[in-house]
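Report on the structure given below.
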Protein chains: 2
Amino acid sequence: MTTETDATRTDATGAVAGTGQTGTAGETAERVWRRLRTLVLEQNERRKETADALGMSFFRVKALRRIAARPSRMSELAAELGSDRPYLTVVVDDLAKRGLVERHPHPTDRRCKIVTATPEGAAAAARADAILGTPPPVLRDLAADDLAALDRITAALTASGEG
Amino acid sequence: MTTETDATRTDATGAVAGTGQTGTAGETAERVWRRLRTLVLEQNERRKETADALGMSFFRVKALRRIAARPSRMSELAAELGSDRPYLTVVVDDLAKRGLVERHPHPTDRRCKIVTATPEGAAAAARADAILGTPPPVLRDLAADDLAALDRITAALTASGEG
DNA sequence: CAGATTGTTTGTACGCGTGTAATCATTACT
DNA sequence: AGTAATGATTACACGCGTACAAACAATCTG
């Protein structure tokens, strides 16, 4: 896949001399976005790797990580995981059967049940975080100044609203 | 979206003045990696959006895009899509029934069938590309110099092997 | 207290993707 | 020619996640 070979066309908005990358700001944003997707999604084997390491589907890994991060009621978990309450019961049942999760009564509302992670569950979630959070070598091997630039820019990009 | 382009003085160890970000190169890489995952995966509603727009599962969208990009044999498609041949038969059957895809005989090997996209299929794939390739507003609104930096760095990151 | 509401659970049906075995046509090998 | 190997297809069983209806317990409201 060769990108535009008319390298150093200089239009008013966004030409970058000497890098072979030209175009309007919108075109540059699209190019960057495509590369970011490639970088992240091509590493998406991590999901399968994580699921295999924990011996459960990635959805359950996601649920476990969410529970380990913050104990919550069933309905909260279902909403945040984008699932429905009935299926979350099945998932939490499965995680509980594995000894990774426990249901505790809500202090005031006896209808609710607070789901928390056991020490084993927290450890498993940490293992998942470690696998998913390991950057690809190409990123780790980036030059220090480029990495610092990424650090600064991505901090701004994920600052608050992603709108 | 204001970007503090001046607040990035880095010392020898990688500390970033004014942003509260310090640490070794590995820690910085992990932080950047986490933010990149957030940025891309939080936009993963795009998958559902694309699937809804085309009225098919995202896996079939993926298959259609792959076919539109390069006509191939069934076995090639199955391998590249990480699926098995039998299921790909079902998927291509479905896409063909929708008039998006056609099976053509291989010029030399009559066992093979070359799957190509019809004009309608190419148009649908282009629509999917448009949705998936639209960068999030926060990226499009990035300051020009930061965007140029991302352009350069991501080009290096996705140059060849992702290791 | 009666009725409506909320939180959770059980059950059921469905679509999707994986995996495997078996079948058929075509090609390659000896 | 005869046999093995390859490409595609059909068929079936399975796990996963979604969606919906219904039941039950506990809480809130009239």
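Some values worked out for this structure:
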| read-out | value |
| --- | --- |
| Surface per residue (accessible, 1.4 Å probe) for the range B:45-132, Å² | 57 Å² |
| Distance from the range A:56-127 to the range B:89-113 (C-alpha centre basis), Å | 44 Å |
| Partners for B:LYS48 among lysines (Cα-Cα distance below 25 Å; same-chain residues under 8 apart left out) | A:LYS48, A:LYS62, B:LYS62, B:LYS97 |
| Label distances, nm, A:ALA159 versus same residue in remaining copies, Cβ-directed 7 Å point | 3.2 |
| Label spacing, shortest first and in nm, from A:ASP146 to its equivalents in the remaining copies (7 angstrom along Cα→Cβ) | 2.0 |
| Largest to smallest accessible area among B:ARG127, B:ARG98 [probe 1.4 Å] | B:ARG127, B:ARG98 |
| Inter-copy label distances at A:ASN44 (7 Å, Cα→Cβ; nm, one decimal) | 0.8 |
| Two-site label geometry, A:LEU81 and B:HIS106: point separation in nm, points 7 Å out along Cα→Cβ | 4.4 nm |
| Relative contact order (%) - the range B:33-163, alpha-carbon pairs under 8 angstrom, separation at least six | 24 percent |
| Whole-percent carbon and sulfur share, accessible surface of the range B:45-132, 1.4 Å | 52 percent |
| Interface A:B - total buried accessible surface [probe 1.4 Å, Å², rounded to 100] | 4900 Å² |
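The values are calculated or read from the model by the stated rules, or taken from the named source; none is laboratory data. Owing to the predicted nature of the structure, the values given are computational and were not obtained by experimental measurement. Cβ coordinates were reconstructed from backbone atoms using ideal geometry, including for glycine residues, and neighbour counts include every protein chain displayed. All accessible areas refer to the heavy atoms of the entire protein, side chains included, with ligands and DNA or RNA removed. Shrake-Rupley method; radii C 1.70, N 1.55, O 1.52, S 1.80 Å.
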